[in-house]
Structure formats: C-alpha cells, structure tokens
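Data block below; observations after.
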Amino acid sequence: MKRRTLLLSSGALALSACVSNTAPRLGPDGRPLPTIYRINPDDTARIQFRVLDSVNSLRAAAGAPALRLNAELNAAAATHSRDMSVQNRPWHFGSDGSSPIDRARRVGYPGTVLGENISETYESELETVAAWMQQPDTRDVITDPGARDLGFAFFQEPNGKIWWTMVTGDGGTSGPANAPTG
C-alpha cells in the first residue's frame, strides 16, 4: 500500500510540474509580450531549409519557379546580418559602404543579385518571411520570377534580437557572368 501511495504521489507531483501557473506578461496595451525566440547555432541549416521550403511554397502560389539554397549568397547574407548588428540599424549598406551586389561578388557569386530583404526583430524566421510578404517591395523580392538562388542567414545578439538577411540571385542566367567569352 505504501508503495502504491508513493507511486501515485510521485506521478501527481510530476504532472503538477507540467502545469504552468505563471500568467503571460502583459504589455501596456494588455496584450501578451512576445517571448524571445532563441536560436541554437546548430540549427542554422535547419532554419535555412525551413525558409527555403516556405519561400518555394509562396513562389509556387505566385507561379514562380522554385529557388535553390546557394552557399555564396548564404555567406553574403551572414556577413550582412552580423554587420547590421554592429551598426545597430537595419539597412542595405555595409559599414564599409558595400551594397548587396558588392557582398555577393566578394564571396564569388557568379550571378546577378536581384534583391535583398532585411529585418531587425525578435521573431522567428517564418514570422519574418510572413511580415515580408505583407509589404509589396519585400514580397516582390521573394516572388521575383527571375530568381533562381536564395541566400538566407541571421545573427542573434545576446539580448535575443535577430538580424535576418535574405538575398536572391538569378543563378548566372543573365548579366555579365553569362556573357559569351572570346
């Protein structure tokens, strides 16, 4: 009998640990404050492929061809995400004055950069893509029918703020990288 009581008591204690008695923190508007989305650095590839899948679903709905993840554009995006954090402002120019085109050239991307989306947020990658889809200019980068390649990266500060960068390119199907050689 003691054993059964001990087992039941242990089970009840374990179940009570699963129930949260803490109410969400509320902001001045009465809405719950957002929770910080923490990224494990080991999840970088998983996040990039999750974004690729989401973007390709959105592109299919828009009648655009699927993109492929590109290592050079990922590197350019990662450099810019970290640099935006250093500058503490989301904008398309690097602290050295570089543009998205310059950054893609530096890492050896053979195609033409078609667009770049950036964000400073505490939201997840999918929430960020959803926000980009709400604005015509950033939606156009995602659904550009001429794009073939995608670069996507982030930098998360210790306070949880995330700097996201998405770069699209044509894969070398136009522009100087595709010019005939003599």
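Tabulated results
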| read-out | value |
| --- | --- |
| Calculated FRET efficiency for the pair Leu69/Arg106, C-beta based, R₀ 25 Å, to 0.05 | 0.85 |
| Calculated Rg and Dmax of segment 54-95 using C-alpha coordinates, Å | 13.9, 38 |
| Pairwise label distance in nanometres, Asp53 with Asp96, each label 7 Å out on the Cα-Cβ vector | 3.6 |
| By average C-beta atoms within 10 angstrom, highest first, the peptides 82-89, 100-107 | 100-107, 82-89 |
| Prolate/oblate/rounded call for segment 74-182, Cα gyration tensor, a/c under 1.5 rounded | oblate |
| Leu26 paired with Thr44, simple spin-label distance in nm, labels 7 Å along Cα-to-beta-carbon | 4.2 |
| Antiparallel bridge percentage (DSSP; both residues within segment 58-182; nearest 5) | 90 |
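A short reminder: the numbers here are calculations on the coordinates, not readings from a lab. These numbers come from a predicted model, not from an experiment. Neighbour counts run over all protein chains shown; Cβ positions are idealised from the backbone, glycine included.
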